[in-house]
Amino acid sequence: MTSFYNLKLIRPFVLAVIFSIATVTPFQLWSQSIGISSNGKTEYVILLPNIPDSNEVNAAKILSVYLKKITGADFPIQHEPLVAPAHFISIGPTKAWNSINNKNPESLGKDGFIIRTANQNVFLYGGSRNGIVYAATALLEDWIGCRKWNAEEDYTPSVSNLVLPTIDSTYLPVADIRIVNGPMAEDPAVKAWRRVTTISDDWREGEWKGYYVHTFNRLVPPAIYFDRHPEYFGLINGQRKAYAQLCLTNPDVLKMVIDTLRKEMAMHPGVQYWSVSQNDDFEYCRCANCAKVDAVEGSPSGLILRFVNQVAAAFPEKTITTLAYSYTRHAPKITRPVSNVMITLCSIEMDRAQSIAESNSGKSFVQDLREWHAISNNIMIWDYEVQFTNFISPFPLFHTLQPNLRLFHQYGVRADFQQCYVERGVEFAQLKLYVLSKLLWNPDIEVDVAVNDFMSKYYGPAGGYLKKYFDMIHQDEIRTNQPLDIYGTPVAFSSSLLTTERMNEYKFIFEEAEKSVSYDPVLVNRVKIARLPLIFAEMEIAKSDLFGNRGWFKREGSKFLINPGKTALLDTFRSVCGRNNIVSMNENGLFVNNYCDATLRFIDVSVEGNLAFEKSVSCNPAPDPRYIGKGPGTLTNGVKGTENYKINWLGWEGINLSCTIDLNSLQKTSTASISTLHYPKSWIIHPKSISCLVSTDNINFVPAGTMLTNPDLTQEPMLKTFTFNLTETPVRYIRFDVEASKTLPAWHTYAGEKSWVFIDEIVVK
């Protein structure tokens, strides 16, 4: 099958290094080669300077351990004597290195490095931060063939007779800060191999979390200051709001921020980057002074920059970072960042189906990037390669990684944060880390070569099958241009990338992949993990088509029988996740076991004995178009909603409502129930009360009861069912009057803003 990368023009292959290797014939290369080991023995030692630093010691240890694995030989580590041994691998500024070096070490920056052979010896030299460690792992990966996938897994060839060619290579990154977000990339060993940095490298000190992003509330805590000084906080619709942005024209706010930072910096002197940045919301101050600046600057970013520039002036030796995010993404007309201010430009609004430069959603972002580049050479990009709502889900965007990074660096970006949450279980997490880390170092690598390398080495004989699946789903994505929403759901792909036909093909591919490695339980397990996103997608699509051809149930007359194949999928999903310690499923804290239990609740349908099943419902007013499900019939489809408010719920914002069900004829009833959702993080709050009323004619209604929620909503469960006892007097119509909370309660971060009420399944028995 044709690789999806061949569908677009790509640059000639360039290794993730800047090579300066002499052109030699194969015979010359062999004749100039260096025999490091023979028959599991070696004469080479790993040579350190007399007083090595911690990175040099770490580099030596990495080499000693892996060379032992590769060759079977012991490579002792020793400090440099007055006379160097006959054969050695030199680490850092040894006397031996100084004798052959003719390059300026400062040109390597923090992370650049050199690998060189001379006089039958090997020399590694690195920049001021991690360069020497990267040199050690690059020697192992690029010249010997090792790979490091994650903290526990690597690929190590067995070579008893290890021979190196002549090497004279300088490696320089295009970006100084290269962050791939997620636990997998934060492991120290993985960082060393993938040459990625983390927040801890510059924003943290030890276990201290530091000021990284969205810091206004930390710098001026509302819980401490709002009651006494509401003027410190944003004026929104004529009212000061505790959890809005700060009032940045208030001189006391500036003084407080500077004082707070000065104290924190004194306690953490090793931290270089300090964030003074907006909260993660859109409610910025509209007081007269702030509004005047916004009008002059043409963007609220101007006011933030004026504020941040003053903070930065107080700390010229530190770097103060701030966001160009959401309402501050557009560059200001007048104010320019001072030299020690870093702008973090965020691409959260982008459709990930196409590269930013090609997409309609990306046009304004490219313009913003261009304008920020015109006024600052200190820009960090915060890009997104994750589906926040569903980590374990198909999300085929690998074809966009390279063009996006090329775009960023076209405009001089030298700091990258890739938010992709690489963690075991997340779709192709190891592959994403492998490819992204190479692209962050050099965006001109040949991506397909890297993907094929990973597939063959990580999955063994199964790699060809998984590459086939990988190419198929990416080709379909490129062909259909299906929107990729970072807050999306695999249900959106059910008629495009994940049709019944395609899912059957993928099922066959993965079954064959497992067969091909059946002899190796480790490889089988890796294939099973890779299949988890498809299993999750199939279960979610089945929820949306519960009684249809792809659903959890099959209708047989008036009965519904659960599809055993679907329950087997759920069992497999829970089992594979459990064996591999796969826990997290989205950014909101949904855990695998919670998801599996909620799915069981979802398929516990209310059909048998439910007089409301598939009966007509009217809602007054109609639900909000953003949360309308499949219309009012969602309330009587026999399906109970779960924690996922986007599926099988109807939503209303800030208003009371009523729902009336028509049983089609007079029926004797004993109970009637309706459910609501409580999800404060998404501003969804249980109603204050629900009243049930019954009627025979849809005109005259008789009250059947009223139920209240606990005024202390923090004590309420996420899912609540209101059940009313009815007399057996025949009725035809049942109405639920819902008194909504309407606004967020006092304990909520955004107290006073409009809240939502979400209604679920009506059951009548």
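The values are calculated or read from the model by the stated rules, or taken from the named source; none is laboratory data. All of these numbers come straight from a predicted model, not from anything done at the bench. Glycine gets a Cβ as well: all are built from the backbone with ideal geometry, and neighbour counts include every protein chain shown.
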For Lys241: the one exception among (1) at pLDDT 95 or above; (2) under 14 Å from Phe216 (Cβ atoms): (1)
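Here's the yes/no breakdown for (1) assigned by TED's automatic domain parsing to the domain that holds Thr42; (2) modelled with pLDDT of 95 or more; (3) on the phi > 0 side of the Ramachandran plot:
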| site | (1), (2), (3) |
| --- | --- |
| Asn130 | yes, no, no |
| Val133 | yes, yes, no |
| Arg204 | no, no, no |
| Tyr212 | no, no, no |
Return yes when Pro251 is surrounded by 18 or more Cβ atoms within 10 Å (Cβ to Cβ), more than 20 Å from the chain's Cα centre (by Cα) and not basic (Lys, Arg) and no when it is not. no
Restricting to the stretch 163-185, and then to whatever is surrounded by fewer than 19 Cβ atoms within 10 Å (Cβ to Cβ) and over 23 Å from His409 (Cα atoms), can you tell me which residue is nearest to the chain's Cα centre (by Cα)? Pro183
Tally up the residues in the stretch 639-663 that are under 20 Å from Pro745 (Cβ atoms) and over 26 Å from the mean Cα position of the chain (by Cα), please. 7
Is it fair to say Ile304 is assigned to a helix (DSSP H, G or I), β-branched (Val, Ile, Thr) and either buried (at least 20 other Cβ atoms within 10 Å of the Cβ) or in contact (Cβ under 8 Å) with a residue 24 or more places away in the chain (or both)? yes
Odd one out for Arg579, checked against (1) modelled with pLDDT of 95 or more; (2) within 30 Å of Glu753 (Cβ to Cβ): (2)
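Of the residues that sit in the stretch 221-243 and are among the basic types (Lys, Arg) and surrounded by 11 or more Cβ atoms within 10 Å (Cβ to Cβ), which one is farthest from Glu753 (Cα to Cα)?
Let us first name the residues in the stretch 221-243 that are among the basic types (Lys, Arg), namely 228, 240-241.
If we keep only those that are surrounded by 11 or more Cβ atoms within 10 Å (Cβ to Cβ) as well, we get 240-241.
Values: Arg240: 12, Lys241: 10 Å.
Filtering the stretch 221-243 for residues that are among the basic types (Lys, Arg) and surrounded by 11 or more Cβ atoms within 10 Å (Cβ to Cβ), the one farthest from Glu753 (Cα to Cα) comes out as Arg240.
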Here the residues within the stretch 430-449 that are under 16 Å from Leu397 (Cβ atoms), in contact with a helix residue (DSSP H, G or I) (Cβ under 6 Å, 6 or more places away or on another chain) and not in a loop (DSSP other than H, G, I, E, B) are Leu431, Leu433, Tyr434, Val435, Leu439, Val447, Asp448
Filter result (closer than 17 Å to Asn648 by Cα and in a helix (DSSP H, G or I)) within the stretch 479-498: Pro490, Val491, Ala492
Could you say which residue among Leu561, Leu570, Leu534 is in a helix (DSSP H, G or I) and more than 25 Å from Gly464 (Cα to Cα)? Leu570
Restricted to the stretch 696-714, and to residues that are of a type in the set (A, V, I, L, M, F, W, C) and closer than 14 Å to Ile661 by Cα, which residue is surrounded by the fewest Cβ atoms within 10 Å (Cβ to Cβ)? Ile699
Of the conditions (1) without any contact (Cβ under 8 Å) to a residue 40 or more places away in the chain; (2) of a type in the set (S, T, N, Q); (3) touching a His at 6+ places or on another chain (Cβ under 7 Å), the single one that Ser277 does not satisfy is (1)
Residue ID - nearest to Leu345 (Cα to Cα), chosen from residues in the stretch 236-273 that are part of a strand (DSSP E or B) and out of contact with any helix residue (DSSP H, G or I) (no Cβ under 6 Å at 6 or more places or on another chain): Ile236
Given the conditions (1) within 18 Å of Lys615 (Cα to Cα); (2) under 28 Å from the mean Cα position of the chain (by Cα); (3) of a type in the set (Val, Ile, Thr), and given that Thr749 satisfies all but one, which numbered condition is not satisfied? (1)
Test Ser277 against the stated conditions and say whether it is farther than 18 Å from Arg218 by Cβ, assigned to a loop (DSSP other than H, G, I, E, B), under 30 Å from the mean Cα position of the chain (by Cα) and among the hydroxyl-bearing types (Ser, Thr, Tyr). no
Restricting to the stretch 59-117, name every residue that is buried (at least 21 other Cβ atoms within 10 Å of the Cβ), of a type in the set (S, T, N, Q) and in contact (Cβ under 8 Å) with a residue 60 or more places away in the chain. Thr71
